[in-house]
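Take a look at the structure below.
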Amino acid sequence: MKVNEINGDKFKDMIRVASHRIKKNSEFVNSLNVFPVPDGDTGTNMSLTFASGAKAVNENPSQSVGELGKSLAKGLLMGARGNSGVISSQIFRGFTKKIEGETTLTARTLADAFMAGVETAYKAVMKPVEGTILTVAREGAKAGNTAANSSDDAVEVLKAVITASKKALAKTPDLLPVLKEVGVVDSGGQGLVFIYEGFLEGLSGELAEKDIYTPDEAEMNEMVNAVHHRAVSGQIATADIKFGYCTEMMIDLTAQKTGQQVFDYENFRNYLDGFGDSLLVVADDEVVKVHVHTEHPEAIFSYGLQFGSLQKVKIDNMRIQNENVVSDAETATKQKREKVDYGVIAIASGDGLTQLFKSLGVTYVINGGQTMNPSTQDILDAVTAVNAKRVIVLPNNSNIFLSADQAAEVSDVPIAVVRTRTVLQGMTAMLSFNPSADLEANKSEMTEALAGVVSGQVTTATRDTEIDGVSIKQNDFIGLIDGKIKVAMADRLAATMQMLSMMIDDDSEIVTVIYGVDGSEAEAQEISAQLEAQYEDIEVEIHEGDQPVYPYLIAVE
């Protein structure tokens with residue numbers, strides 16, 4: 001079937017079938033999680049993210065693919081969950097931006113949209129890593145672009161995109177050694193392939209598998225045996241404040257001033273990059289929003305004025321703590337009318353963990369984390385609920401970082417994301433929260449406190465594998481220390497104690513044991529007894545967390 005032009009109805013079919021296909025295959029994508037733990041949720045996150053986009057498209061009565069694309073981008077943005085969901089939303093943000101103003105799509109505009117999607121996604125990720133969904137998207141887009149040079153058939157473009165995407169997916173273990181070690185391809189890349197296959201099925205009515213590349217066993221063995229460089233990714237450490245003024249502005253590009261310059265995102269951002277750090281530039285056709293830490297806010301404002309009128313400007317001296325907490329004497333009625341000074345949002349699952357966080361001063365707990373990452377919209381809803389002038393978000397899971405960052409980017413309320421990887425780090429961060437300090441100072445202090453805690457998690461292996469030299473059998477109890485599997489044993493108590501022996505050193509003073517729905521207070525007490533018998537200077541605290549997936553969450557400080 002040849003398609004020279006994709007109209008609004010066909011575009012809706014593509015989105016609808018893609019949403020169905022990723023949902024149908026979400027459990028398979030989940031199974032590709034590198035760690036054999038029962039919270040692998042890449043497929044779930046991508047499915048829910050795309051379902052949000054599909055719903056927005058379905059509710060738009062327009063027949064213009066450009067207008068439908070705007071709905072898709074907004075739906076994906078607000079529904080984005082987990083790193084894979086956020087990156088997917090960025091891919092299609094660029095895709096839909098490219099088709100704005102188009103009533104229908106040709107093979108050429110479809111290919112151009114795929115290329116634009118890749119460009120946007122790579123810019124959105126601070127440290128792009130090859131061997132991930134980004135690689136799969138890039139190689140697919142390149143092949144689609146080549147196909148459009150010789151064919152006016154959108155079906156042929158999509159087939160080329162899928163063929164190249166599947167080839168790139170098969171090679172992801174060559175680029176990320178951890179994938180090769182475990183024997184899986186990248187889960188996010190696999191999810192994207194399912195979405196692309198859904199596009200083809202929605203457009204042509206069939207998958208045409210015979211035209212789509214699938215590597216044979218010999219090719220797969222050759223790929224798996226190849227040796228490539230180790231990809232390195234890391235987290236940016238919080239440094240001392242070098243640029244003292246948190247500077248924000250919003251520019252109205254439609255102002256039509258005399259001598260107004262034409263806005264170009266790349267040139268604009270590159271120019272401001274030399275004035276400080278923590279630069280964020282978000283732009284559409286009408287408005288540019290800028291956040292930067294600098295020593296020269298006046299230069300930032302002067303540059304912005306060249307492109308339009310300044311709607312909002314804001315300068316905070318980050319070296320001075322000059323804001324006070326709302327007075328305790330304010331009445332409940334007044335608190336409802338006026339915004340509170342600070343709101344702190346944490347993500348956690350379990351009634352016990354919720355109560356623990358609230359006892360530490362957290363304002364609002366989003367139920368989720370290990371088995372259900374909250375969406376960007378969930379976080380924004382929580383920001384609205386706390387009704388605060390400024391908000392701190394504790395993701396408590398690295399897979400929520402990008403959703404939290406995206407919420408901070410689009411929110412009208414200033415948000416600081418403290419990159420807590422576990423609920424235990426979140427609790428430690430709260431001990432350094434100062435309601436009288438400004439947002440950046442709190443973020444810095446709370447982030448610095450994370451170095452003082454070692455986090456342990458005990459759960460059950462979902463499959464046989466070997467990772468980081470640890471041989472694991474399905475249903476073994478595994479111990480993760482700061483996110484890395486260190487222990488695998490058939491006995492849960494023995495695995496927990498072995499993990500703790502690796503976490504405790506001569507400087508350790510306090511061990512906190514939080515038992516979940518699959519743990520028990522009696523076993524937690526046994527853990528405490530064995531620790532106190534073995535380490536005379538260790539103090540043990542036990543709490544009920546009610547968390548799923550992990551019978552025990554343990555912190556050593």
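Calculated [222 nm] ellipticity per residue, helices only, for the chain: -14500 deg cm²/dmol; basis is -39500 (n - 2.57) per DSSP H run with n ≥ 4, divided by all residues, nearest 500. Counting only lysines at least 8 places from K486 when in the same chain, those with an alpha carbon closer than 22 Å to its own are K180, K473. Ranking V185, S64, A170 by Cα position along the charge dipole of the range 8-225, where only Lys, Arg, Asp and Glu carry charges on their C-beta atoms, puts S64 farthest toward the positive end. Database remark: amide H of E102 closer than 5 angstrom to the amide H of G66 (H placed geometrically; neighbours at sequence offset of 5 or more, or on other chains; Pro and chain starts carry no H). Determine the shape class of the range 332-452: with a ≥ b ≥ c the square roots of the Cα gyration tensor eigenvalues, call it rounded for a/c under 1.5, and otherwise prolate if a/b is greater than b/c, oblate otherwise. Taking the square roots of the gyration eigenvalues as a ≥ b ≥ c, the range 332-452 is rounded.
The alpha-carbon positions of the range 454-556 define a convex hull whose volume is 87 Å³ per residue. What does the C-alpha gyration tensor say about the overall shape of the chain? Classify as rounded when a/c is under 1.5, otherwise prolate if a/b is larger than b/c, or oblate. Since a/c reaches 1.5 but b/c is at least a/b, the shape of the chain is classed as oblate. Assuming charge only on the beta carbon of Lys and Arg (+1) and of Asp and Glu (-1), the dipole of the chain about its Cα centre is about 1960 debye to the nearest 20.
Karplus-based coupling profile of the range 544-551, in residue order and whole Hz: 8, x, 6, 6, x, 6, 10, x, with θ = phi - 60° in 6.51 cos²θ - 1.76 cosθ + 1.60 and x standing for Gly or Pro. In order along the range 404-419, phi translates into HN-Hα couplings of 5, 4, 5, 4, 5, 5, 9, 6, 7, 8, x, 10, 10, 9, 8, 7 Hz, rounded to whole numbers, per the Karplus curve 6.51 cos²θ - 1.76 cosθ + 1.60 with θ = phi - 60° and x for Gly and Pro.
With the simple model of a label 7 Å out from the Cα in the direction of the Cβ, K389 to S436 spans 1.5 nm. Taking a point 7 Å out from the Cα of N4 in the direction of its Cβ, the residues of the range 143-161 whose backbone N falls within less than 16 Å of it are 150-157.
Spin-label model, F28/Q306: points 7 Å from Cα along the beta carbon direction are separated by 5.2 nm. Potential lengthening of the chain between A529 and E541 amounts to 3.2 nm, from the contour at 0.36 nm per residue minus the alpha-carbon distance.
Since every read-out is calculated from the coordinates, none of them should be taken as a lab result. Just so you know, these numbers come straight off a predicted model, no measurement behind them. Cβ coordinates were reconstructed from backbone atoms using ideal geometry, including for glycine residues, and neighbour counts include every protein chain displayed.
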